[in-house]
Amino acid sequence: MKTQGLNLFIVDDNKVMVKTMEQYLQNRFGRDVIISTFNDGESCLAKVDKNTNIVILDYFMEGKNGLEVLKSIKAINPETEVIMLSSNENMALAVETFRAGATDYVVKGHNSWEKISKLVNHIVTAPIRLLVDEFGVSKFMAIFLLTFVLMGVVVACALHFMK
C-alpha cells in the first residue's frame, strides 16, 4: 500500500520559474512531497481542498493577486501553510500577507529557493519536532514512533479494505 506525501502547490505566472522550482523541490524532497503547479491563482483555488498542505504563492500575478488568493486559500483550508514569494521588498506588503495568514514571505533573488526549501523541510518535519519538543523524546525515538504509527494505520486500512 502506498502512503501519500504532503501536497505542495506552486503558483506563479512565470512558467519557467514554476518548472524550475518544481524540479528543484522534487529533487530535494522526492516522494515526500507531491507537487502541483499553477500559472494563475484561479486554477490553484479550483484545486485547493482539505488535503492541500503547502502553497508557494507569487504575489504579483495576472488576475487575482497573491493576497487575494491567500485569503481564499485560508477560507477554504485554514491549515494550509502559504509561503508568499515576491520580488517586492516592501515590509508593509509582507506584514499584510502575514496578517492574512501567510506562514512566511520570501523575496525572490539569491538564496530564495534555498530559503523555500528550508521552510518546506520545516513544515514536513513538524511532527518529529513536536514529539521532541513537547514530550522530550529523542529524535530517533520520534522517527521510530511516527513510523510505527504510520505502519499501524497502513495495516488497519489494508485489513479494512480486505473485508
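Since every read-out is calculated from the coordinates, none of them should be taken as a lab result. If you're wondering where the values come from, they're calculated on a predicted model, not measured in any experiment. Note that each Cβ is placed from the backbone with ideal geometry, even for glycine, and that neighbours are counted across all protein chains shown.
Brief remarks on what is shown
- Difference of contour (0.36 nm per residue) and Cα-Cα distance, D40 to L145: 33.8 nm
- Cα centroid of region 1-77 to Cα centroid of region 99-163, whole Å: 18 Å
- Amide proton proximity set for F9, modelled H, under 5 Å, gap of 5+: S36, I54, V55, I56
- Considering only alpha-carbon pairs that sit under 8 angstrom and 6 or more positions apart, the relative contact order computed for the chain is 18 percent.
- Sum of -39500 (n - 2.57) over DSSP H runs of 4+, divided by residues of the chain (222 nm, nearest 500): -17000 deg cm²/dmol
- Surrounding net charge for K71, when Lys and Arg each add one and Asp and Glu each subtract one, Cβ distance under 11 Å: +1
- Computed E for N121/V95 - FRET, C-beta separation, R0 25 angstrom, nearest 0.05: 0.50
- Tail weight of P(r) past 20 Å, computed on alpha-carbon pairs of region 6-124, percent: 33 percent
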